[in-house]
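K.L.:
Below you'll find the structure I mean.
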Amino acid sequence: SVPSLSLTQNGGQTWQTRSLPHLLGGYVNPMNTSQPPVFFGSVVFLPVNVTLQNDNLLVLYRSNDGGLNWFQTSAAHIQAENTYVLDASHAWATDKQSGKLYSTIDGGDHWSLTSNTVYALNALSFTDPQTGWGVTSDHLLHTTDGGKSWQQIQYSIQ
């Protein structure tokens, strides 16, 4: 129940498993799933979803030394299976239960509701802190204000 990851430094010939710090404490039988790590030079973010009996949490684990040592940022009380990390400061996550979008501008130390509108984004991509794209089950959306509002992009498949 403690999150861990495996590291290789020789192209996958050998692997080392490292436990991530589990500072949440007091929870019974948590289940952890993660999304792929995101690298910015030696800074690495690993979005981890923690499923509890009555709650869901998103934790961005961070390493400043290429994955050798990790620390936990603040836990956000959202079920975020869709997290996009743009850089060492900016990330967005869609709460699967509510469909609302949350964001951080300080590398996961604080999360806030970005929009009260339910967009139910299944995938996200941002090119800078203001400009991004999102995909719902049947729409392509675009934002120019960091995810506060989204406009539908008309397209056709030929």
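K.L.:
Please go through segment 95-121 and pick out each residue that is touching a residue at least 24 places away in the same chain (Cβ under 8 Å), closer than 24 Å to Thr51 by Cβ and loosely packed, with under 15 Cβ neighbours inside 10 Å.
P.N.:
Passing the criteria: Gln97, Asp109, His110.
K.L.:
Can I ask one more? Kindly check whether there is at least one residue in segment 58-78 that is part of a strand (DSSP E or B) and touching a Lys or Arg at 6+ places or on another chain (Cβ under 7 Å).
P.N.:
yes
K.L.:
Within segment 30-38, can one find any residue that is surrounded by 15 or more Cβ atoms within 10 Å (Cβ to Cβ), over 19 Å from Asn82 (Cα atoms) and at pLDDT 80 or above?
P.N.:
no
K.L.:
Among the residues of segment 114-128, what is the count of those that are touching a Leu at 6+ places or on another chain (Cβ under 7 Å) and assigned to a loop (DSSP other than H, G, I, E, B)?
P.N.:
Narrowing segment 114-128 to residues touching a Leu at 6+ places or on another chain (Cβ under 7 Å): 114-115, 119, 121, 126.
Keeping just the survivors that are assigned to a loop (DSSP other than H, G, I, E, B) gives 119, 121.
Number satisfying all stated conditions: 2.
K.L.:
Moving to a separate point now. How many of the residues in segment 51-71 are more than 10 Å from the chain's Cα centre (by Cα) and touching a residue at least 40 places away in the same chain (Cβ under 8 Å)?
P.N.:
Looking only at that region, the number is 6.
K.L.:
Name the single residue that is least open to solvent (accessible area, probe 1.4 Å) among those in segment 79-89 being farther than 16 Å from Gly41 by Cβ and in a loop (DSSP other than H, G, I, E, B).
P.N.:
The residue in question is Ala80.
K.L.:
Here is a list of conditions, (1) assigned to a strand (DSSP E or B); (2) under 10 Å from the mean Cα position of the chain (by Cα); (3) free of Cβ contacts under 8 Å to residues at least 40 places away in the same chain, and Phe39 meets all of them except one; can you say which number that is?
P.N.:
Every listed condition holds for Phe39 apart from (2).
K.L.:
What single numbered condition from (1) farther than 19 Å from Pro47 by Cα; (2) in a strand (DSSP E or B) fails to hold for Lys148?
P.N.:
The number of the failed condition is (2).
K.L.:
Would you check if Asp138 is assigned to a loop (DSSP other than H, G, I, E, B), of a type outside the set (Ser, Thr, Tyr), more than 25 Å from Gln72 (Cβ to Cβ) and modelled with pLDDT under 95?
P.N.:
Numbers: assigned to a loop (DSSP other than H, G, I, E, B): yes; of a type outside the set (Ser, Thr, Tyr): yes; more than 25 Å from Gln72 (Cβ to Cβ): yes; modelled with pLDDT under 95: yes.
It is true that Asp138 is assigned to a loop (DSSP other than H, G, I, E, B), of a type outside the set (Ser, Thr, Tyr), more than 25 Å from Gln72 (Cβ to Cβ) and modelled with pLDDT under 95.
K.L.:
Moving on to the next point. Look through segment 47-72, keep the residues that are of a type in the set (Ser, Thr, Tyr) and open to solvent by less than 10 Å² (accessible area, probe 1.4 Å), and return whichever of them is nearest to Thr117 (Cα to Cα). Full working, then the answer.
P.N.:
So the first thing to find is which residues in segment 47-72 are of a type in the set (Ser, Thr, Tyr), and the list is 51, 61, 63.
Pick out the ones that are also open to solvent by less than 10 Å² (accessible area, probe 1.4 Å) and you get 61, 63.
Details: Tyr61: 28, Ser63: 33 Å.
Step by step, filter segment 47-72, then rank; the result is Tyr61.
The values are calculated or read from the model by the stated rules, or taken from the named source; none is laboratory data. Please read these numbers as outputs of a predicted model, since none were measured by experiment. A quick note on method: Cβ atoms are made from the backbone with ideal geometry, for glycine too, and the neighbour counts reach across all protein chains shown. Side chains are part of the model used for accessible areas, which takes the heavy atoms of the whole protein and leaves out ligands, DNA and RNA. Shrake-Rupley method; radii C 1.70, N 1.55, O 1.52, S 1.80 Å.
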